[in-house]
Amino acid sequence: MRKTFLALLLAASVTPALAQEKTFELKLSHWVPASHPLQKALEDWGAAVEKASGGTIKSKVFPAQQLGKAFDHYDMARDGIADVTYINPGYQPGRFPIIGAGELPFLMSDAKGGSMALDAWYRKYAEKEMKDVKFCLAFIHSPSSFHSRTKKIVVPDDVKGMKIRPAHATMATFITQLGGTNVQSSAPEVRDIIERGVADAVTFPWGSLVLFGIDKVTKYHMDAPLYVTTFAFVVNKDKYNQMSDRQKKAIDDNCNTEAAGRVGEPWGKFEDAGIEKVRAEEGHEIYKLTPDQTALWKKAAEPLVKSWGDGVKKTGVDPDAAMAELRASLTKYDALAP
């Protein structure tokens with residue numbers, strides 16, 4: 001009898017708390033096609049949060065810039081236009097200088113390990129650099145390189161005089177240093193600007209090259225781990241703060257380094273598979289760099305590390321210490337490029 005009474009008391013204390021929880025339907029926004037692996041990654045993320053919240057946090061994914069332009073996704077999360085957004089920090093040069101370390105050439109070797117390493121390293125800096133939102137997780141795609149319509153890009157001097165769409169701010173700086181001209185556009189616009197001759201080449205990952213149809217307008221493809229792009233999921237702070245402690249935990253448990261790996265790994269596999277798809281098509285030349293050519297690229301990229309460091313100093317962070325921490329994290333997750 002006593003046990004039954006205690007059980008009833010416990011139920012009475014718990015059930016109202018759950019009943020009082022507000023139900024949320026989160027708008028998850030990204031800017032690539034629904035056929036991109038990011039769509040499933042966000043759907044899976046939403047499903048995991050829904051399960052962890054006992055069904056009180058539901059979500060809907062809005063792909064392909066339905067809620068706003070690619071460049072605007074950080075501000076969309078800040079302003080509540082969407083509740084969770086996928087951002088490319090490098091789309092806005094100078095705004096997020098610290099995470100730009102991940103964009104430096106010949107640094108990362110693997111999408112899953114690189115995603116986890118970047119996320120684990122960046123967490124303490126996100127509070128400074130992305131304070132307008134709740135930082136969820138950071139990740140990368142597989143190492144990628146140049147794809148050109150007009151000529152092979154083999155050594156740094158080949159970039160001189162070319163019009164190139166860069167993946168992010170770091171690659172934009174690199175192209176300028178090498179004597180090229182940057183053509184800015186979001187990923188969905190790349191095929192059009194190359195087809196119209198507005199750009200001669202692009203830095204892009206392999207699987208997405210095919211997905212966006214850029215393989216139809218390019219011919220020459222460098223097979224080298226020249227760069228990766230850093231990405232993040234960020235959450236609207238007001239929406240998060242409206243949640244109960246249990247609901248916040250459901251979000252937090254899916255905004256961590258393990259979750260970063262779950263997002264980075266399938267996308268990495270998707271991108272890695274793209275090279276064979278391009279190789280199987282007619283009219284394409286895929287070429288590797290010799291050790292001497294690779295050395296030239298690494299030498300040419302050295303000023304980028306200084307430029308990154310100069311930007312980071314303005315935030316009050318020691319760039320040498322931050323880079324040492326990032327390299328240590330990459331080593332831990334077996335993703336440091338040789």
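The values are calculated or read from the model by the stated rules, or taken from the named source; none is laboratory data. Everything numeric in this text was worked out from a predicted model, so none of it was measured. Note that each Cβ is placed from the backbone with ideal geometry, even for glycine, and that neighbours are counted across all protein chains shown.
Within segment 207-225, is even one residue part of a strand (DSSP E or B), farther than 17 Å from PHE139 by Cβ, outside the structural domain of ALA64 (by TED's automatic domain parsing) and of a type in the set (Asp, Glu)? Yes, segment 207-225 contains at least one residue that is part of a strand (DSSP E or B), farther than 17 Å from PHE139 by Cβ, outside the structural domain of ALA64 (by TED's automatic domain parsing) and of a type in the set (Asp, Glu).
Table: residues versus (1) touching a strand residue (DSSP E or B) at 6+ places or on another chain (Cβ under 9 Å); (2) part of a helix (DSSP H, G or I).
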residue	(1), (2)
TYR287	yes, no
GLY316	no, no
MET323	no, yes
LEU326	no, yes
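Among residues of segment 253-270 that are among the β-branched types (Val, Ile, Thr), those with a Cβ under 6 angstrom from a residue that is buried (at least 22 other Cβ atoms within 10 Å of the Cβ) and outside any helix (DSSP H, G or I), sequence gap 6+ or separate chain, pair up as VAL263/PHE139. Applying the criterion of at least 2 residues that are charged (D, E, K, R) and at pLDDT 95 or above to the helices (runs of 4 or more DSSP H) found wholly in segment 1-81 leaves 37-52, 73-79.
Got a sec? Which of GLU281, GLU302, GLU276 is over 16 Å from LYS152 (Cβ atoms), touching an Asp or Glu at 6+ places or on another chain (Cβ under 7 Å) and modelled with pLDDT of 95 or more? If you could, list the steps in order and put the result at the bottom.
Working: GLU302 fails: touching an Asp or Glu at 6+ places or on another chain (Cβ under 7 Å); GLU276 fails: touching an Asp or Glu at 6+ places or on another chain (Cβ under 7 Å).
On inspection, the qualifying residue turns out to be GLU281.
Pick from segment 226-240 the residues that are out of contact with any Asp or Glu (no Cβ under 9 Å at 6 or more places or on another chain) and in a strand (DSSP E or B): which of them is farthest from GLU103 (Cα to Cα)? Here the answer is PHE233.
Here MET243 fulfils each of the conditions (1) more than 16 Å from the chain's Cα centre (by Cα); (2) crowded, with 18+ Cβ neighbours inside 10 Å; (3) part of a helix (DSSP H, G or I) apart from (3).
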